[in-house]
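S.K.: Sharing a structure here in structure tokens format.
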Amino acid sequence: MLALDSIKFCLRCGHAMELREESERLRPVCPRCGYVHYFAPQIAAVAIVTRDADEKFLLVQRGENPGKGLWGLPGGFVEMGETVHDALAREILEETGYAIESGDLVGVWSFFNDTRKIAGIAMVYATRVAGGELRIASDSVNAEWVTYERALEFPLAFETHREALRVWAKRET
Ligand SMILES: [Zn+2]
């Protein structure tokens with residue numbers, strides 16, 4: 001996820017790019033070969049991970065920016081060649097050590113950084129632990145099983161996660 005002027009050279013032929021109006025927006029365009037760079041939001045697969053033992057779900061403390069030190073739902077960006085569910089399973093295993101079973105889609109939310117130059121789409125799924133043991137790794141530094149009420153007391157990194165939890169909690173009761 002890069003700023004508009006960050007594509008300095010053509011990805012196809014290496015010529016210097018120009019910013020030009022193209023399909024009704026300012027976009028990096030190559031004056032030599034005509035390559036147009038289209039920016040698109042990245043898809044984030046995000047999980048509300050529950051377990052059989054109780055009504056709690058997993059919050060993780062972020063070890064990397066954005067939101068380093070703050071808490072959020074585990075998840076990450078969908079890589080090329082993966083389905084959303086592939087990405088969900090991979091990210092949760094990396095961050096928490098759990099194999100998960102995907103359940104219902106809780107919702108889809110657009111998100112932006114402060115300057116609106118970076119954009120993503122979060123797809124939030126209800127999931128359940130299917131195996132494995134809690135093992136913090138990847139870009140998480142801590143994890144806790146929490147109730148919805150308890151989660152709201154944590155400094156959450158993303159408004160999107162708060163909103164997803166609100167929708168999920170309402171549906172569960
Ligand atoms: Zn070019």
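The values are calculated or read from the model by the stated rules, or taken from the named source; none is laboratory data. Given the structure is predicted, the values throughout are model-derived calculations rather than measurements. Neighbour counts are summed over all protein chains in view; Cβ atoms, including those assigned to glycine, are modelled from backbone coordinates with ideal geometry.
S.K.: Within region 93-173, considering only strands (runs of 3 or more DSSP E) that don't extend past its boundaries, which have at least 3 residues that are in contact with a Leu (Cβ under 8 Å, 6 or more places away or on another chain), closer than 12 Å to ILE48 by Cα and touching a residue at least 12 places away in the same chain (Cβ under 8 Å)? Even if it seems obvious, please write down each step before you answer.
M.R.: Details: elements: 98-112, 119-132, 140-146.
Per the criteria, 119-132.
S.K.: Could you go through region 75-95 and let me know if any residue there is surrounded by fewer than 18 Cβ atoms within 10 Å (Cβ to Cβ) and among the aromatic types (Phe, Trp, Tyr). Full working, then the answer.
M.R.: Quick first cut of region 75-95, residues surrounded by fewer than 18 Cβ atoms within 10 Å (Cβ to Cβ) only: 77, 79-86, 90, 94.
Keeping just the survivors that are among the aromatic types (Phe, Trp, Tyr) gives 77.
Yes: region 75-95 contains one or more residues that are surrounded by fewer than 18 Cβ atoms within 10 Å (Cβ to Cβ) and among the aromatic types (Phe, Trp, Tyr).
S.K.: Additional query: If ALA16 passes every condition in (1) modelled with pLDDT of 95 or more; (2) surrounded by 12 or more Cβ atoms within 10 Å (Cβ to Cβ); (3) not assigned by TED's automatic domain parsing to the domain that holds ARG135 but one, which one does it miss?
M.R.: Among (1) modelled with pLDDT of 95 or more; (2) surrounded by 12 or more Cβ atoms within 10 Å (Cβ to Cβ); (3) not assigned by TED's automatic domain parsing to the domain that holds ARG135, the lone unmet condition for ALA16 is (2).
S.K.: Right, something else. Would you confirm whether any residue within region 3-16 is in contact with a helix residue (DSSP H, G or I) (Cβ under 9 Å, 6 or more places away or on another chain), more than 16 Å from the ligand (Cβ to nearest atom) and not charged (D, E, K, R)? First the steps, then the outcome.
M.R.: Kept after step one, since they are in contact with a helix residue (DSSP H, G or I) (Cβ under 9 Å, 6 or more places away or on another chain), are these residues of region 3-16: none.
No: region 3-16 contains no residue that is in contact with a helix residue (DSSP H, G or I) (Cβ under 9 Å, 6 or more places away or on another chain), more than 16 Å from the ligand (Cβ to nearest atom) and not charged (D, E, K, R).
S.K.: Is it the case that ARG20 is basic (Lys, Arg) and touching a residue at least 60 places away in the same chain (Cβ under 8 Å)?
M.R.: Numbers: basic (Lys, Arg): yes; touching a residue at least 60 places away in the same chain (Cβ under 8 Å): no.
Against the criterion (basic (Lys, Arg) and touching a residue at least 60 places away in the same chain (Cβ under 8 Å)), ARG20 does not qualify.
S.K.: Further question on the same structure: Pick out the one residue from GLY63, GLY76 that is under 13 Å from TYR125 (Cα atoms), at pLDDT below 95 and assigned by TED's automatic domain parsing to the domain that holds VAL129. Break it down stepwise before answering.
M.R.: Details: GLY63 fails: under 13 Å from TYR125 (Cα atoms).
Just a single option satisfies the conditions, and that option is GLY76.
S.K.: Okay, next question. Quickly run through region 30-62 and pick out the residues that are more than 15 Å from the chain's Cα centre (by Cα) and not hydrophobic (A, V, I, L, M, F, W, C). Before you say what the answer is, go through the steps one by one.
M.R.: We begin by selecting, within region 30-62, every residue more than 15 Å from the chain's Cα centre (by Cα); these are 30-39, 50-58.
Across region 30-62, the qualifying residues are PRO31, ARG32, GLY34, TYR35, HIS37, TYR38, THR50, ARG51, ASP52, ASP54, GLU55, LYS56.
S.K.: What are the pairs, 6+ residues apart or on separate chains, where a residue within region 37-50 that is over 29 Å from GLU133 (Cα atoms) and at pLDDT below 95 has its Cβ under 9 Å from a residue that is assigned to a strand (DSSP E or B) and among the small types (Gly, Ala, Ser)?
M.R.: Correct list of pairs: PHE39/ALA119; ALA40/ALA119; PRO41/SER110; PRO41/ALA119; PRO41/GLY120; GLN42/ALA119; GLN42/GLY120.
S.K.: Tell me, which strands (runs of 3 or more DSSP E) wholly within region 24-87 include 1 or more residues that are within 16 Å of the ligand (Cβ to nearest atom)? Spell out how you get there, then give the answer.
M.R.: Values: elements: 25-29, 42-50, 57-62, 75-77.
Counting at least 1 such residues, we get 25-29.
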